[in-house]
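Structure, as structure tokens:
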Amino acid sequence: MTEKPLEDRVRHLEELVSYQEKLLEDLNAILIVQRDAHDELQRRFELEVGRLDARLERQANPLDPNEKPPHY
């Protein structure tokens, strides 16, 4: 069994490290985009929940408590 020269082994390890660094950078960029999309969806969700809560509140209490009934 012949061993690779030390230079070849070091070069191979450097290539692997370089590939992994590039992969980490790419994954980080994707993660940043996903986080931004998640934040936007979360903001929109909270806005819609607020609208839904307001609509449900109006339906539960259709009359303004400060408004006089129509027969007054």
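Rule-based calculations on the coordinates, nothing more; no lab input. Just so we're clear, the structure is a prediction, and the values are computed from it rather than from any experiment. Quick reminder, even Gly has a Cβ in these numbers, built from the backbone with ideal geometry, and neighbours come from all protein chains shown.
Using alpha carbons only, how many degrees (0 to 90, rounded to 10) separate the axis of helix 6-60 from the longest principal axis of the chain? With both axes taken from Cα atoms, the answer is about 0 degrees. Taking the charge dipole of the chain about its Cα centre, with +1 at Lys and Arg Cβ atoms and -1 at Asp and Glu Cβ atoms, the residue from 6, 42, 71 reaching farthest to the positive side is 71.
Based on every Cα atom in the chain, Rg and the maximum pairwise Cα distance Dmax equal 30.8, 105 Å.
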